[in-house]
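Structure, as structure tokens:
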Amino acid sequence: MILQALKQYADDHKDSLPPDGLQNQEIKFVIEIDSTGKFIQLCDYRENKRGKMFLMPQAIGRSGANAWQTTFLLWDHYGYVLGWPKDDSDTSIQMAQRQFRTFQKMLQELPDEVQKKTEVKAIRLFYQGNEINKVSAHSYWPECAKIPNCNLAFKLVGDTQLVSEKSFVHDYAALQFQKAGSTDEEDSDGDDQKIEGRCLVSGEFGLLKKIHTATPIIGGKSNAKLVGFQVNSGYDSYGKQKAYNAPVSFIAEAAYTKALKYLIKSVPNSVRLAETTMVFWAERQPTDASFNLESEYSWFFTDPPKDNPERNTQAVKALYAAMHTGMLSAANEGGNFFVLGLSPNAARISVRFWKQGTVKSFSEKILRHFEDFEMTRGPMDDEALPLGKILRATVFEYKLDNVPQKIMGDMVQSILNDTEYPQSLLQLCIRRIRAEQKVNRVRAAICKAVINRQIRRSGNKSKEKELTVALDANNDNVGYVLGRLFAVLERCQEQAQGNLNASIRERYYGAFSSTPVSVMPTLLKLNKHHLAKLNPGEKIWFDKLMGEIIGKLEANSIPAHLRLQEQSKFAVGYYHQRQDFFTKKTE
């Protein structure tokens, strides 16, 4: 289904995808030469650590011990272009020399009509004149060399296009693609066997692709593929080797790899969450001014840009409006929407999750997710919580890289399937709260969302009440009530002693939220001293509020230990009560 959906995307977007034989390729450094092959400079095309995208001849699939025998048309990484090894080991040096000879062979075997072009002549003169040594002496070279397998291309001085962008190069690349479609490429192991069969993607009979094209993602290797098989690794069947074990025709392979490469590099169609790259697309776009889920989808998961901090909120509001005012056009809401999660795995790409459904069903599930995470907030807090912000609140230093990959994938699937959130998310959140003794809006929202979905998905067999967005004075759950009580005790201390370096929250939150019996007498004793420092009006108000809260505990004995779910409710009760202190009251 994944390959079929990607091929369909390529067929439906031929006008926006690169032509056959070409691909959009990121290039960070370019070798600039003159028409005589003299080296001019090494140009740095990076911006915010990302290179510039160019329309280049398509990369050819290569793998195995003899992958060095295959290079790309007039561009490749520094091992091929300059013979530069990836490290100082003898094996790497020998491999770089082999790759360099392959690139030289490619230049020599170009047809005469291509060899006669000024740009190609200049490249050949560049190598013949030993200008290659000047590249590694350039000031930018240390930056280039430290990038693993950094791709390089050529440009003539004064020219606005790379040599690989020239029309004659594109024409030749398209011709080579057509020839490959009828003869297939030679295997990197020297096996030129050609097999025809029934394509699993299109169902048509044709020449099968032996080695699939690399579709690398951030964090993975440059030769990583979505479909790949190791030779003699136990995955061969009936004597078949490599991609013949999953027969895909040359045409279908070219279509799905082109679509996947485009989606991975398309900012509106991809989101990166730590090591996971999520790509998404709609089967068809709305033809009117209705809501476009594909253009808004990324903002449900990523943080807003600095120049538009309200971008997440705008996307959520637009989705609400679309669902409740009918802006999802009839032609679009029934169309399919696809979400694919990928992560690096050695020389391959792992599929973390794959979801397919209608635009309307995806919209409904995303809205329910934001409703579950809705929580009373301060005037400076963002209205909507993107997934990245939710996950960062559960780990040390709020770094997304510290979030376990499994939790991230499980969270996305919970949102898209409208199922229970992972219990491990709650465990991480409570652990982080106890480590920092801090319950903020995001962490309280996590506790509320996880618990409410558990109650809802269980059919509420225990007749348990769901947690509300704001303070629920009628909630008599022991964990929730104790959380409220702790917030009142802390506020009473603040009113009596002002701002302290270490309040009862820093000293007692962890103990009171897990073993309340052990510290409750101490806290109540301290509170008597705090109340004595308040003016009569404040003292009466706090006494009354504490009496109401403690009164809810009379029917229930205070437990010696609070389970994880009760600790979560403690955090929500604490946050609700704290937020209520600073909420303007109206009659």
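Readers should treat all values here as calculations from the given coordinates under stated rules, not as data from a laboratory. These figures come from a predicted structure and were not determined experimentally. Note that each Cβ is placed from the backbone with ideal geometry, even for glycine, and that neighbours are counted across all protein chains shown.
Each label point was placed 7 Å from the Cα along the Cα-to-Cβ direction; for D401 and D382 their separation is 2.1 nm. The dipole here belongs to segment 373-528: it is taken about the Cα centre, uses +1 on the Cβ of Lys and Arg and -1 on the Cβ of Asp and Glu, and is about 400 debye. Ordering N24, V359, S63 by Cα displacement along the dipole of the chain toward the positive end leaves V359 in first place; charges were set at the Cβ atoms of Lys, Arg (+1) and Asp, Glu (-1). R432 sits among other residues whose Cβ lies under 13 Å from its own Cβ, and their net charge, with Lys and Arg +1 and Asp and Glu -1, is +4. Extension gain, T583-A137: 0.36 nm per intervening residue step, less the Cα-Cα distance, totals 154.1 nm. Paramagnetic label reach from Q427 (point 7 Å along Cα→Cβ; backbone nitrogen cut-off under 14 Å): within segment 374-409, residues 404-408.
In a reduced charge model with +1 at each Lys and Arg Cβ and -1 at each Asp and Glu Cβ, segment 32-106 shows a dipole moment near 220 debye about its Cα centre. On the basis of the beta-carbon distance and an R0 of 41 Å, I147 and L564 show a calculated FRET efficiency of 0.35. With R₀ set to 45 Å, the beta-carbon distance separating V351 from N499 gives a calculated FRET efficiency near 0.30. Each peptide in 95-106, 112-123 receives the mean, over its residues, of other Cβ atoms within 10 Å, and ordering these scores from highest gives 95-106, 112-123. The antiparallel fraction among DSSP beta bridges confined to the chain stands at about 85%.
Of the two radii for segment 491-559, the radius of gyration is 0.98 times the Kirkwood radius, both from the alpha carbons; that is the Rg over Rh value. Would you mind checking segment 6-22 for residues with the amide N under 19 Å from a putative spin-label position 7 Å along Cα→C-beta of L55? Residues 10-22 qualify, since their backbone N sits under 19 Å from the label point. State the dimensionless ratio Rg/Rh of segment 1-82 (Rg: radius of gyration of Cα atoms; Rh: Kirkwood radius). When Rh is taken as the Kirkwood radius, the ratio is 1.05.
Here segment 70-139 and segment 387-419 have alpha carbon centers that stand 44 Å from each other.
Using the alpha carbons alone, the radius of gyration of the chain stands to its Kirkwood radius in an Rg to Rh ratio of 1.09. In a reduced charge model with +1 at each Lys and Arg Cβ and -1 at each Asp and Glu Cβ, the chain shows a dipole moment near 1780 debye about its Cα centre.
Per residue of the chain, the DSSP helices (runs of n ≥ 4 H) give a summed -39500 (n - 2.57) that works out to -13500 deg cm²/dmol at 222 nm.
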